[in-house]
Amino acid sequence: MVEFDRVLGGGFVKGSAVLIGGHPGAGKSTILLQVLCHVAKTMNALYVSGEESLQQIASRAHRLGLPTDNLKMLAETSAENIVAVAEQEKPGIIVIDSIQVMYMNGVDSVPGGVGQVKESAAFLTRYAKQSGTVLLIVGHVTKDNSLAGPMTLSHIIDTQIMLGNTDDSRFRMMRATKNRFGQVNELGIFAMTETGMKEVKNPSAIFLSRTQEATSGSIISVLWEGTRPLLVEIQGLVVDSQLGNPRRVTVGVDQNRLAMLLAILTRHGGIFTSDQDVFLNV
């Protein structure tokens with residue numbers, strides 16, 4: 001997947017640990033299952049599931065029409081048992097779905113607790129480094145869109161990727177928030193379809209209005225995301241205010257930046273907005 005490779009910084013690196021976070025239903029398991037089924041054609045691949053049964057994953061793979069002949073599956077939550085199987089099978093790439101259900105014997109914490117998540121991730125990452133295996137770890141996020149578990153988890157892994165929904169539920173945005181092998185804030189766009197996650201070759205098309213006619217209060221601008229430019233539509237609306245303190249409402253733009261732009265318009269453009277409500281949307 002070109003979009004996935006872009007976010008990773010060019011592709012997988014041997015011995016690297018990649019953490020993929022996102023809300024339930026974002027498509028983490030789906031995209032990793034797609035990737036592993038295709039990677040398994042050329043190298044030994046192992047998908048470890050601690051949340052779903054093998055029958056559930058097999059059913060999803062068949063529904064998506066994926067080539068599953070060479071993919072090896074394991075239903076296990078013990079980090080020690082996973083490493084023991086990996087040492088025997090010697091896969092080139094492993095998916096752990098998810099780190100929140102993994103546990104290690106001797107750690108005084110329940111699965112999903114801070115201690116278990118930290119020790120399990122460190123143990124699995126250590127194996128990946130020593131064996132040169134690519135390790136992909138799935139992690140859940142909290143209500144404030146931060147990864148659940150200890151902050152030290154971000155320091156253990158090499159690359160951290162977040163997969164989230166857009167305003168349009170059909171699309172998913174993948175962004176690298178940490179990457180030792182590439183640029184951070186690199187953005188990948190996918191569409192969720194009946195046959196799985198599909199790459200969006202021209203992301204600018206989904207951000208722009210479909211109308212061909214010029215519209216007042218709307219303009220096309222260019223934003224730089226990672227290593228590529230994206231075209232977006234910026235919409236502005238200014239109306240007479242019925243309030244003593246006019247409103248300044250922004251979506252996708254910092255409110256302080258809007259205040260500065262309005263001050264420039266007043267000072268140098270002769271356009272006064274002190275009695276106007278201003279709405280700005282990207």
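Where helices (runs of 4 or more DSSP H) fall wholly inside the range 1-82, the ranges with 3 or more residues that are surrounded by fewer than 16 Cβ atoms within 10 Å (Cβ to Cβ) are 54-63. Taking (1) surrounded by 15 or more Cβ atoms within 10 Å (Cβ to Cβ); (2) farther than 30 Å from HIS38 by Cα in turn, VAL251 satisfies each apart from (1). Of the set (1) over 30 Å from GLN183 (Cβ atoms); (2) of a type in the set (Val, Ile, Thr); (3) at pLDDT below 95, all apply to THR227 but (1). Answer yes if at least one residue in the range 83-93 is touching a Pro at 6+ places or on another chain (Cβ under 7 Å) and assigned to a strand (DSSP E or B), and no otherwise. Checked the range 83-93: no residue is touching a Pro at 6+ places or on another chain (Cβ under 7 Å) and assigned to a strand (DSSP E or B). Looking at (1) of a type outside the set (Ser, Thr, Tyr); (2) in contact (Cβ under 8 Å) with a residue 24 or more places away in the chain; (3) on the phi > 0 side of the Ramachandran plot, find the lone condition where LEU71 falls short. The single condition LEU71 does not satisfy is (3).
Looking at GLY217, is it within 31 Å of the chain's Cα centre (by Cα), of a type outside the set (S, T, N, Q), over 30 Å from VAL7 (Cβ atoms) and surrounded by 11 or more Cβ atoms within 10 Å (Cβ to Cβ)? So GLY217 fails the test.
Considering MET173, MET192, which residue is out of contact with any helix residue (DSSP H, G or I) (no Cβ under 9 Å at 6 or more places or on another chain), closer than 28 Å to ILE157 by Cβ, surrounded by 14 or more Cβ atoms within 10 Å (Cβ to Cβ) and at pLDDT 85 or above? Step by step, each of MET173, MET192 is checked, and only MET173 is out of contact with any helix residue (DSSP H, G or I) (no Cβ under 9 Å at 6 or more places or on another chain), closer than 28 Å to ILE157 by Cβ, surrounded by 14 or more Cβ atoms within 10 Å (Cβ to Cβ) and at pLDDT 85 or above.
Checking each residue in the range 94-134 for being among the small types (Gly, Ala, Ser), in contact (Cβ under 8 Å) with a residue 24 or more places away in the chain and part of a helix (DSSP H, G or I) picks out SER120, ALA121, ALA122, ALA128, SER131.
The values are calculated or read from the model by the stated rules, or taken from the named source; none is laboratory data. All values derive from a computational prediction rather than experimental measurement. Cβ atoms come from the backbone with ideal geometry, glycine included; neighbour counts cover every protein chain shown.
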